[in-house]
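The values are calculated or read from the model by the stated rules, or taken from the named source; none is laboratory data. Note that the structure is a prediction, hence the values are computed from the model and not measured. For the accessible areas, the whole protein counts, side chains as well, though only heavy atoms, and no ligand, DNA or RNA atoms are used. Shrake-Rupley method; radii C 1.70, N 1.55, O 1.52, S 1.80 Å.
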Amino acid sequence: MHFSRNTSILAFFLRSLQPWTFPASILSVLLGTCLAWKHDRKFNLLNTFLTVCVILFTHAGGNFVNSFHEVRSRKIFASCLTRSRALELNASWALWSYFLAMLAFIFLALLSEAEFWLEFILFSVGSLVSLLHGGKLNNTVMGEILACSVFGPFSVFFTYLEQVGSSDGHLSNPSIIWYSLPFTFFTEAILHR
């Protein structure tokens, strides 16, 4: 693999980004938005956009960290220079993804009516699990359990919270988790693809 052409870097970027895993996050956001509309009659387009940005950038960051660790653990490159460049690219893309997720979260926290402490806990746990699953916990049972429990129920709950503006909406927390169980299994299927 050579990085002399832009198309090679673009192909490497897409392979590292793993966009085929994004439906797990997108469907979770759609479910949280639908639950907020159905049970609370609340919908805010700007909050939806920012929530999608937070969740997708966090997801992308985890994918780049995963790609970084895969490059580091495998000897698939023609030269050490190419391998070093691949590590550098994945690290910088992961940092940018997490930075953009944090920036989107700050805007969302400023605009949303949700309790900041709850937003912050959900965002922090989601980012931490994304980072851990992309790195040390990748391809382990604990990593799979963490990823599925975050990218499913946490994403749905975070989206619902950002739409409704309070954890005192019409849906209880166990109900939201119950609704998100199919997405937990869907996420597991995507991760094992």
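Checking Ile9 against (1) over 30 Å from Leu161 (Cα atoms); (2) at pLDDT 90 or above, which single condition isn't satisfied?
Here Ile9 meets the rest and fails (2).
Can you list the helices (runs of 4 or more DSSP H) found entirely within segment 95-193 that contain at least 3 residues being open to solvent by 10 Å² or more (accessible area, probe 1.4 Å) and at pLDDT below 70?
141-149, 173-191
Filter segment 55-94 down to the residues that are open to solvent by 60 Å² or more (accessible area, probe 1.4 Å), assigned to a helix (DSSP H, G or I) and aliphatic (A, V, I, L, M) and list them by number.
Within segment 55-94, Leu81 is the sole residue that qualifies.
Within the bounds of segment 16-39, is there any residue that is on the phi > 0 side of the Ramachandran plot and open to solvent by less than 80 Å² (accessible area, probe 1.4 Å)?
Yes, the conditions are met somewhere in segment 16-39.
Somewhere in segment 79-87, is a residue at pLDDT 85 or above and not small (Gly, Ala, Ser)?
Looking for residues that are at pLDDT 85 or above and not small (Gly, Ala, Ser), one finds at least one in segment 79-87, hence yes.
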